[in-house]
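Scroll down for the structure; my scribbles are underneath it.
The values are calculated or read from the model by the stated rules, or taken from the named source; none is laboratory data. A quick note: this is a predicted structure, and the numbers were derived from the prediction, not measured. Backbone-built Cβ (ideal geometry, glycine too); neighbour counts: all protein chains shown.
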Amino acid sequence: MAESTNCVPIVPDSLRFFQTEEEIFSAEKQVFKHFGTLHKNERFSLQVILREGSRPGRDYTFFLRTFDPTKKLIASLPLGVWQEAVGNYCTGYVDERLHIYKHCDEKGSMEFSIQEDGQFIEHALTQK
């Protein structure tokens, strides 16, 4: 995934369903785009949301977000980050077992999984 003008911003009427409470009340100008659903079962769906911020330079974050069947946000995990103004850069991916691998320049490598209730859990890093 990369910065994309091919993905339409989420319409204002639906936006609050995709945002965290902090994002809803933020004064920062932000654009949100829905990149699709990676997984869905009877307990939660895993979706990719892009947030484009307003800081100078490139400012975007790809989030993995889980939602319950009523579309209530369960959990949010930043996966890919490019925030040029503050020097924050992260990359990551999700494998077929829904294990999440993330690497940030400042924090190093991290590994997560998703619990049955849709919460993200960080694990001690394992060797691949």
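If only one of 31, 48, 94, 86 is without any contact (Cβ under 8 Å) to a residue 24 or more places away in the chain and out of contact with any helix residue (DSSP H, G or I) (no Cβ under 9 Å at 6 or more places or on another chain), which one is it? Exactly one residue qualifies, and that residue is 31.
Here the condition is being farther than 22 Å from residue 123 by Cα, surrounded by 10 or more Cβ atoms within 10 Å (Cβ to Cβ), modelled with pLDDT of 90 or more and of a type in the set (Phe, Trp, Tyr); of 32, 67, it holds for 32 alone.
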